[in-house]
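**Q** The structure under discussion is supplied below as structure tokens; questions concerning it will follow.
Rule-based calculations on the coordinates, nothing more; no lab input. Please read these numbers as outputs of a predicted model, since none were measured by experiment. So basically every Cβ, Gly included, is an ideal-geometry build from the backbone, and we count neighbours across all protein chains shown.
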Amino acid sequence: MENIKKASVLVVEDNHLDMLVIKVLLEKYFNLYIVSNGEDALKAAEEFDFDVVLADINLGDNLMDGVKVMRKLRENERTKDLKIFAVTAYAENIEYYLEAGFDDVLTKPVIKEEIFEILHSSISVNHKFSEPILRNGSNN
């Protein structure tokens with residue numbers, strides 16, 4: 001049997017409701033590690049191997065927003081090649097976030113098909129979803 005495991009996703013989100021939405025959407029298919037601030041995200045990325053990072057832009061911290069988290073991850077030799085996605089309610093800033101260094105941008109409210117499409121296209125062939133994800137929206 002192949003050595004295939006669920007992909008690991010680091011979620012950086014300070015809003016409890018948004019955190020819950022992402023958890024409900026993803027926990028069945030991914031190993032999730034959820035933190036509420038940038039410092040905890042950087043510590044987690046040092047300690048664990050993640051396949052993808054979902055970083056909220058506005059973390060409610062003037063010293064460490066999602067852009068700073070992404071930049072610090074890019075500066076670190078261990079985490080520089082991680083797929084990092086911005087999550088934001090500010091759709092008008094998508095170009096800025098892409099130019100800043102994010103691999104892609106998800107806008108809030110997060111839409112199930114969009115988040116799965118982005119994550120599925122970013123995950124290595126050494127990983128799998130724990131169950132098949134139906135792309136026609138019929139999978140709850």
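**Q** How much net charge surrounds Val35 when only other residues with a Cβ under 10 Å from its Cβ are counted (Lys, Arg +1; Asp, Glu -1)?
**A** Combined, the nearby Lys, Arg, Asp and Glu give -3.
**Q** Please compute the Kirkwood hydrodynamic radius of the stretch 5-128 from all pairs of different C-alpha atoms, in Å with one decimal.
**A** Result for the stretch 5-128 stands at 14.2 Å.
**Q** Decide, for the stretch 63-114, between rounded, prolate and oblate: order the square roots of the alpha carbon gyration tensor eigenvalues as a ≥ b ≥ c, take rounded if a/c falls under 1.5, and otherwise choose prolate if a/b is larger than b/c, else oblate.
**A** It is prolate, given that a/c is not under 1.5 and a/b is the larger ratio.
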